[in-house]
2 protein chains.
Amino acid sequence: MPPSGRILKRLLVGRAMRSDRLGETLLPKKLALPIFASDALSSVAYAPDEILLTLGLAGGSLAMLHSWKIGLCVVFVMLVVVASYRQNVHAYPSGGGDYEVATTNLGPRAGLTVASALLVDYVLTVAVSISSGVQNAAAAIPFIRGHEAVLAVAIVAVLTAMNLRGVRESGKTFAVPVYLFMTSVIGMALVGLFRELTGNLPDAESASLQLRPETGFESLGGLALVFLLLRAFSSGCAALTGVEAISNGVPAFKKPKSRNAATTLLMMGLIAVTMLMSMIVLATWTGIKYAEDPQTQLLRDGRPVGASYVQDTIMGQVAKAVFQGFHPGVVFVSIVAGLILILAANTAFNGFPVLGSILAKDGYLPRQLHTRGDRLAFSNGILILAGAAAFLIVLYNAEVTKLIQLYIVGVFVSFTLSQTGMIRHWNRHLRVERDPAARRRMQRSRVINAIGATMSGTVLVVVLLTKFVHGAGYAIAAMVVLFFLMLGIHRHYQRVRDELRVSEDDVSAQLLPSRVHAIVLVSKIHKPTLRALAYARATRPSILEAITVNVEPDETRALQEEWDRRGIPVALKALDSPYREITRPVVDYVKSIRSGHPRDVVVVYIPEYVLGRWYEQLLHNQSALRLKGRLLFTPGVMVASVPWQLESSEGQEERLDGPSVGSVRLGK
Amino acid sequence: MPPSGRILKRLLVGRAMRSDRLGETLLPKKLALPIFASDALSSVAYAPDEILLTLGLAGGSLAMLHSWKIGLCVVFVMLVVVASYRQNVHAYPSGGGDYEVATTNLGPRAGLTVASALLVDYVLTVAVSISSGVQNAAAAIPFIRGHEAVLAVAIVAVLTAMNLRGVRESGKTFAVPVYLFMTSVIGMALVGLFRELTGNLPDAESASLQLRPETGFESLGGLALVFLLLRAFSSGCAALTGVEAISNGVPAFKKPKSRNAATTLLMMGLIAVTMLMSMIVLATWTGIKYAEDPQTQLLRDGRPVGASYVQDTIMGQVAKAVFQGFHPGVVFVSIVAGLILILAANTAFNGFPVLGSILAKDGYLPRQLHTRGDRLAFSNGILILAGAAAFLIVLYNAEVTKLIQLYIVGVFVSFTLSQTGMIRHWNRHLRVERDPAARRRMQRSRVINAIGATMSGTVLVVVLLTKFVHGAGYAIAAMVVLFFLMLGIHRHYQRVRDELRVSEDDVSAQLLPSRVHAIVLVSKIHKPTLRALAYARATRPSILEAITVNVEPDETRALQEEWDRRGIPVALKALDSPYREITRPVVDYVKSIRSGHPRDVVVVYIPEYVLGRWYEQLLHNQSALRLKGRLLFTPGVMVASVPWQLESSEGQEERLDGPSVGSVRLGK
């Protein structure tokens, strides 16, 4: 890396950290809450909208009548899931979370299913949250309209850079807005409650409008109505995404890790349901009309409001009603809501790399994902997450309503399998536990987890039924692909390990080759060649010869004459090359040596000169690299590169960290 | 390359050829004419159009009045240039052509200027000819309109594939259409002449139209008129492009090379001027009205013909008039004209790689351009030419009238310098030549070349004056960039050569290192590691040690225990790595050894396992490649790769010809 690149990297990701400073990056509860809970909390900015919008398909009265009931259902599921996960956090403090629970109790296939689901879901969390944040911002800043996808991708890039700096600094950066968001939403709920009780809560702007049902939803029969209610409930369950983040992130907590994590989880659940219900109730009290297609569904005096109507989000409309007469309050809520949505994506930036690293350690993902980067963060995982999320954002043009259809499935797949695994976990422990108090605690946990499993499974079925054709199918497809990909990777690592293993009593592997046959490749007589010859002679091989490839006979003859004139004390042999190739004659010659003496080892010395600048390398043939590559496939051969450093290479070693380093001229 | 890829390559470029078959690909005159002359001949399909179109800016009567005079001027220049080049071909049979002539007589800078000009011009030849061919075809096949650029790029691709198959097969493929083109144009001229003499040559369709001058050209004053005539003459000089192709291609001729080339050149010149004048005279006789902007310039009964009017090319209109009553003749001429234009590009496909190869041999272009490919053709040059031409086609959307403005400049730069060089050539030879007959021949040649130089220089000035702002400026800019690029490349090669040179009396370069210090890198104990140890021990180094990098202390301890348990007879040393790096600790350790004993050589043995499939390599850390790259920058170090071939690598060596071969796991 050139100095400027190094400085840029330092500015973006900060100073490298030593391994023994790893302990310092652990999180106290007050930082863990904003980091791991921002996803779950932020969904209050879009989950009520999705419930109202879905119900609104069948008209305004239906939404008014049922929205709070649907809200209560979501709250109930949320509380059950939180209670269940508190059992997980205590039982598995190592932070494998759902993946570890499913693997341990239901086997590796179940674990891999959970992992696939979670990986897909993390990507969607980033895509949905940031898209929603940008769409919120677009309502306030019209300039953004038409550039949502570009802005969203830019925000992904900024988040990526921040996370590459390391976990704790992210926590500090994000704590303030998350706490401001909680304060502002709950504050708004209290003000709204006070104004309703004192009888002066104003109506929302949209309360005076009529909400017309969409075509086909005018008068729903019993079954169709139930299906619509279930669809609204599914959408509302977006509020539950992110609950599992804490159980996956237990190792990042300060000690006592499990207890701190469980407490944080409970706090988060209570705050989330309070905020969700506040929004739904306030939306009902202020009479908000919210439509999927506002231009045609909303009527003013019997006529559609048309394209000029801008539909604010539920949170925006509630704020305008509650803070009527106090405009700064409205502005504050909208700014904080916009921020929290973008920051929610950060949950995934914490969860995804940890899970990726665990999967890599278990051999299901490439080893590079287990490499800790400069700042102890899992750099590769962060980059993959960012890339996939950016891809989805571009693909769906940052439209939340489309992206949300793919969402949720993954979470409930992992909830269900994890809770089922927990039942088995307690069964196993109950078999050996004798202490009555402990047994009672375990039985209680088992009941909670059983309820959680049943509940999650039911919701999963509902989500699949109501959302499959709207996009959930794609999410399922992505999970299946990931599942088989990870299985394939695992098989590959297993095969390589088996092939390379040496049993402890196997002595043949340590047998020495009988002779060393050294070959020095010569293209012309210059310093690199002479150095390679000197080094080769210094190793005192059994046989030493110099080889050149006869591509142009005149040049070969000139080389031979100079060789003799200089009196170089090694014989020079010319290999014929009728097809003007360099690689094949050398490889064939090496093979012929080996076939005569299979217990010999052939060492091929390649003189190379090392150039400092990448564009200089374009000017030299890559014959050496190609030859080295081919010789690696030839058994019983060792390739020794003898580098000669040109002046331009000095101080350039930092910059060149790739395989394209070093260039050599052979033959012509 | 996988088998399917190999079969595809074989199909596209044919079987590889042995060097000793190079003689077989030489060209007899009857094949050389179509190959090298198609460019010059094909311009008859657009040069008359450009003359008439430019004159037509000032109205129809001016075009009628002056076109044949301008045609005669172009013919005169053509004949002078042909006569001059016949001297070149005899004086320089080695085929360096203009580049060699200018370098030898005017110095390397002049040669480089010529080379830049020719390279740019070859690219433009491909772009202009193919674009013109596609635009011709579009007149016949309306479906093509709107897709001209795509089709033109596709044709470039096909030509590229054909030329990668080798020179002679190209000649055979292209000979038939070139001869058909000559026959049809000259046949058409004869029929036209006969009908004119017998008084029954019909008028062209456009003869009944009026040609209105463009705004600003209504009544030109003396100087403006002269400028317009010069502009028309410049455009007409497009007919001269390609004349130099033969002199650059002398080595491809059968013996006697020079005489055959000179004869071919003369034949080409005579055929070209005959065809050019035939077209211009027939266009005048049939009263063709040809406009740059036909929709508004052409009037029928005083009103513009409008967008529905399709203006056929001059050749098309002439054919319709001459062959009135014999439609197959019209169709035949238009098909053959379309074909010849596309094939003209082939001239450049023969000239560019040869020139690139000569420049590469002289160290002005990357060495890869001097490598003969599978079919004895200069594959890299062919590919670069095709890429640059495709770029221009896309940039100018295959519009001939725009591309032609960039054209011609390069040719006349090279004409002028080459002819000036020839004067010096004869001066030099006359100084030593004593034979009176030879002296007379030389003096005659000198006069011819002097006339050629003056003429070319004048035309160059005219072209620059009349075309600079219309696009010739870009061509000049491209030449300047190429000039300095090639100069820079030359300096680089010179610097490297100076740095690597060993004087014959320098014995220090052959001094042996005092001791060999061998290091085997160990990440875990498996077959590759044990093989590397065995090979290292077989070379009996002065010092041998095994090294591991301590990234995770637990694993290092386990490794150390297994090492001791197996009783491996080499000491294992662990290097600390607080920042979890692999590369830096090893490089630092190697440097510390060297600093204590600067006359030692350090050999680093790296156990590698070789994977067969590219996607498998993604699954393994690239630590070994990175480490090798870094060690190459460290003086006094030799890197020995000890490969272990996994089963999946068998039979894969053909496919992997890049630097990314082989992958190793170090450390973790």
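FYI, it's all coordinate maths here, none of it is from the lab. Model, not experiment: these values are computed from the prediction. Cβ: placed from backbone, ideal geometry, glycine included. Neighbour counts: every protein chain shown.
Relative to its residue count, the range A:509-649 spans a Cα convex hull of 130 Å³ per residue. Axis of helix B:222-236 versus longest Cα principal axis of chain B: the two differ by about 60°, to the nearest ten degrees.
Expressed as a whole percent, the proportion of Cα-Cα pairs in the range A:228-273 lying more than 14 Å apart is 57%.
Label-to-label distance for B:His597 and B:Val570 is 1.6 nm, based on points extended 7 Å past Cα in the beta-carbon direction. Given points 7 Å out from each Cα along the Cα-Cβ axis, report the B:Gln443 to B:Lys254 separation in nanometres with one decimal. Label-label distance for B:Gln443 and B:Lys254, simple model: 3.8 nm. Residues B:Ser234, A:Ser445 in ascending order of nearby Cβ atoms (within 10 Å, fewest first): A:Ser445, B:Ser234.
Of B:Asp600, B:Asp39, A:Asp506, B:Asp435, the sequence from fewest to most neighbouring Cβ atoms within 10 angstrom is B:Asp435, A:Asp506, B:Asp600, B:Asp39. When its C-alpha radius of gyration is set against 2.2 N^0.38 Å (N residues), the range A:254-370 gives a value of 1.59. In chain A, one over the average inverse separation of all distinct C-alpha pairs is 29.2 Å, which is the Kirkwood hydrodynamic radius.
Remark: the A:Arg300-A:Leu223 segment gains 24.6 nm on full extension, using 0.36 nm per residue and subtracting the alpha carbon distance.
With its label point put 7 Å out from Cα toward Cβ, B:Arg259 sits 10.9 nm from the same residue's point in the other copies, in order from shortest. Residue exposure proxy: B:Trp68, A:Trp285, A:Trp426, ordered by other Cβ atoms within 10 angstrom of their Cβ from fewest to most, comes out as B:Trp68, A:Trp285, A:Trp426. Computed from the alpha carbon positions, the gyration tensor of the protein assembly as shown leads to an equivalent ellipsoid with semi-axes of 69, 51, 24 Å, biggest first. Taking the inverse of the mean reciprocal distance over all distinct Cα pairs, the Kirkwood hydrodynamic radius of the range B:413-509 comes to 17.5 Å. Comparing Cα centroids, the range B:286-305 and the range A:183-246 end up 70 angstrom apart. A point 7 Å from Cα along Cα→Cβ stands in for B:Pro635, and the other copies hold the same point at 4.2 nm, listed in rising order. Separation of the alpha carbons by more than 23 angstrom is noted, of A:Lys30/A:Lys257; A:Lys320/A:Lys467; A:Lys255/B:Lys524; A:Lys524/A:Lys628; A:Lys628/B:Lys628, for A:Lys320/A:Lys467; A:Lys255/B:Lys524. Per residue of B:575-586, other chain Cβ atoms within 10 Å of the residue Cβ number 2 on average. Label-point spacing at A:Ser592 relative to the other copies reads 4.7 nm, in ascending order, each point sitting 7 Å out from Cα along Cα→Cβ. Take each residue of peptide B:625-637, count the partner chain Cβ atoms within 10 Å of its Cβ, and average: the result is 6. At full extension, A:Ile543 and A:Tyr309 could sit 75.4 nm farther apart than now, given 0.36 nm per residue minus the alpha carbon distance.
Stokes-Einstein diffusion for the range A:313-386 at 10 °C, viscosity 1.306 mPa s, with a Kirkwood radius from C-alpha pairs, works out to 108 µm²/s. A straight Cα-to-Cα reach below 20 Å connects B:Lys69 with the lysines B:Lys289, residues fewer than 8 places away in its own chain not being considered.
At a 10 angstrom cut-off on C-beta neighbours, averaged per residue, how do the peptides A:447-460, B:407-420 rank from highest to lowest? The partial results should precede the final answer.
On the way: A:447-460: 19.4, B:407-420: 26.9.
The packing order, highest mean first, is B:407-420, A:447-460.
Working from label points 7 Å from Cα in the Cα-to-Cβ sense, the A:Val158 to B:Ala450 distance is 7.6 nm. Across peptide B:596-608, the mean count of Cβ atoms from other chains lying within 10 Å of each residue's own Cβ comes to 2.
Peptides A:342-352, B:583-593 ranked from most to least packed by the mean count of surrounding Cβ atoms within 10 Å: A:342-352, B:583-593. Under 18 Å of direct C-alpha separation, and excluding same-chain neighbours fewer than eight residues apart, B:Lys527 reaches these lysines: B:Lys668.
Annotation: aspartates and glutamates with alpha-carbon distance below 17 angstrom to A:Lys29 (same-chain offsets under eight excluded): A:Asp39, A:Glu169, A:Glu244. Could you give the angle, 0 to 90 degrees to the nearest 10, between helix B:472-500's Cα long axis and the longest principal axis of the Cα atoms of chain B? On a 0 to 90 degree scale, this one is about 30. Relative to the longest principal axis of the Cα atoms of chain A, the long axis of helix A:47-56 makes an angle of roughly 60 degrees.
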